[in-house]
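Q: What follows is a structure written as structure tokens; I'll ask about it next.
Rule-based calculations on the coordinates, nothing more; no lab input. Remember, it's a predicted structure, so these values are computed and weren't measured experimentally.
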Amino acid sequence: MPKQLPQSTAAPLARGSLITLRRKCGTPTCCCAKGRPHETPALSYSIGGTTKMLTLRTQDVREVRAALKRYQKAIQTLEREALAGILTLRQKIRLQKSAVRKARG
């Protein structure tokens, strides 16, 4: 039985890239045989260094695009918070060193 991920009430996030798969089906009389390949939207993402693809329905593209944007925004927010944490730590260490120097003398 596959593992079930905990359900979140927040809007979903998605990591990866929206791509368009283009291919020929092989039927000699199909329009793709004349150079116009079939197109399917897909989400390309990696897990453990392996690229995976999730083919999408056309009606899913808008939702996936929004989830990708939410992910990027969350990453940017996390980066800002991490840098602010480093700055706070740097200031704390600077103040501690200054206090030690003053105590010495």
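Q: Just one of (1) 66; (2) 35; (3) 32 is percent of Cα pairs over 20 Å apart as worked out from the coordinates here. Which one is it?
A: (1)
Q: Strictly over 27 Å apart at the Cα level, which of 24/52; 3/24; 52/73 would you flag in this model?
A: Working: 24/52 21 Å; 3/24 35 Å; 52/73 23 Å.
Too far apart for the 27 Å limit: 3/24.
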